[in-house]
Amino acid sequence: VFNMVDESLIKNTIKANEVTPQTARRLVDHLKSAEEAGADAILVTCSSIGPAVEAAQQFLNIPVIRVDVPLADKAIGIGSRIGVVATLPTTLKPTVELIEARAKLAGQEIEVVSTLCEGAFQAVAAGDTETHDRLVTAGIRALMAKVDVIVLAQASMARAANAIPEDERTVPILSSPQLAVDATQAVIRKL
């Protein structure tokens with residue numbers, strides 16, 4: 001197990017408000033480097049660059065797991081009204097699109113209701129986790145009455161969700177980290 005981090009991928013995506021060809025190429029370079037270093041499988045943990053992860057698979061001979069695919073699959077297995085909470089528009093759009101695509105693939109009719117927690121990402125980037133968590137928690141609570149399940153579009157939001165007591169959760173609140181690790185382990189076991 002080894003880890004590669006390149007914060008320029010998310011920074012460039014946020015700046016351009018989309019995954020640019022340059023960012024996608026850089027991602028492919030990193031994935032090829034990991035493959036050449038001996039990786040058996042790769043888990044990419046940034047939801048904002050998810051579409052580039054899927055496109056990059058064609059250039060690799062090992063499985064590449066998009067962090068939010070197991071999350072999307074679990075959500076569509078729970079209900080047809082799916083809430084998506086995000087702190088970045090660059091994560092919200094690809095997460096909603098992924099859930100819709102996975103539902104279509106599964107032959108399921110769904111409705112996605114999304115919320116962007118304005119200012120939360122900027123707060124956490126400035127070190128203000130309290131404001132981030134308050135904004136995310138408010139976004140989650142606002143969606144609870146409207147949906148069957150809530151998807152946190154970014155792994156970093158899980159801490160905020162944990163602030164909502166179990167007895168106040170009227171729907172399941174899903175986060176990607178453990179689901180993605182479990183899916184990656186399943187892929188590796190099959191190799």
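Have a look at Ile150, Ile140 and point out the one that is closer than 24 Å to Val69 by Cα, out of contact with any Leu (no Cβ under 7 Å at 6 or more places or on another chain) and crowded, with 16+ Cβ neighbours inside 10 Å.
Only one candidate passes the filter, namely Ile140.
Out of (1) out of contact with any Ser or Thr (no Cβ under 6 Å at 6 or more places or on another chain); (2) surrounded by 16 or more Cβ atoms within 10 Å (Cβ to Cβ); (3) assigned by TED's automatic domain parsing to the domain that holds Ala120, the odd one out for Arg26 is which?
Exception for Arg26: condition (3).
Of all residues being in contact (Cβ under 8 Å) with a residue 60 or more places away in the chain and part of a loop (DSSP other than H, G, I, E, B) in the stretch 169-183, which is nearest to the chain's Cα centre (by Cα)? Just the residue, please.
That would be Ser175.
For residues that are of a type in the set (S, T, N, Q) and within 18 Å of Ala56 (Cβ to Cβ), scanning just the stretch 3-23, find the one that is surrounded by the fewest Cβ atoms within 10 Å (Cβ to Cβ).
It comes out as Asn3.
Which count do you get for residues in the stretch 165-180 that are surrounded by fewer than 16 Cβ atoms within 10 Å (Cβ to Cβ) and more than 23 Å from Thr90 (Cα to Cα)?
7
What residue, among those in the stretch 154-164 that are over 13 Å from the mean Cα position of the chain (by Cα) and either free of Cβ contacts under 8 Å to residues at least 24 places away in the same chain or surrounded by fewer than 13 Cβ atoms within 10 Å (Cβ to Cβ) (or both), is nearest to Val64 (Cα to Cα)?
Among residues in the stretch 154-164 that are over 13 Å from the mean Cα position of the chain (by Cα) and either free of Cβ contacts under 8 Å to residues at least 24 places away in the same chain or surrounded by fewer than 13 Cβ atoms within 10 Å (Cβ to Cβ) (or both), the one nearest to Val64 (Cα to Cα) is Asn162.
Inside the stretch 89-112, can you point out the residues that are more than 20 Å from Glu54 (Cα to Cα) and either in contact (Cβ under 8 Å) with a residue 24 or more places away in the chain or basic (Lys, Arg) (or both)?
Gln108, Glu109, Ile110, Glu111, Val112
Inside the stretch 75-90, can you point out the residues that are of a type outside the set (Val, Ile, Thr) and buried (at least 24 other Cβ atoms within 10 Å of the Cβ)?
If the condition is that a residue be of a type outside the set (Val, Ile, Thr) and buried (at least 24 other Cβ atoms within 10 Å of the Cβ), then Ala75, Gly83, Ala86 are the ones that fit.
The values are calculated or read from the model by the stated rules, or taken from the named source; none is laboratory data. Since this is a predicted model, take the numbers as computed values, not measurements. Counting neighbours? That spans all protein chains shown, and the Cβs are built from the backbone with ideal geometry, glycine included.
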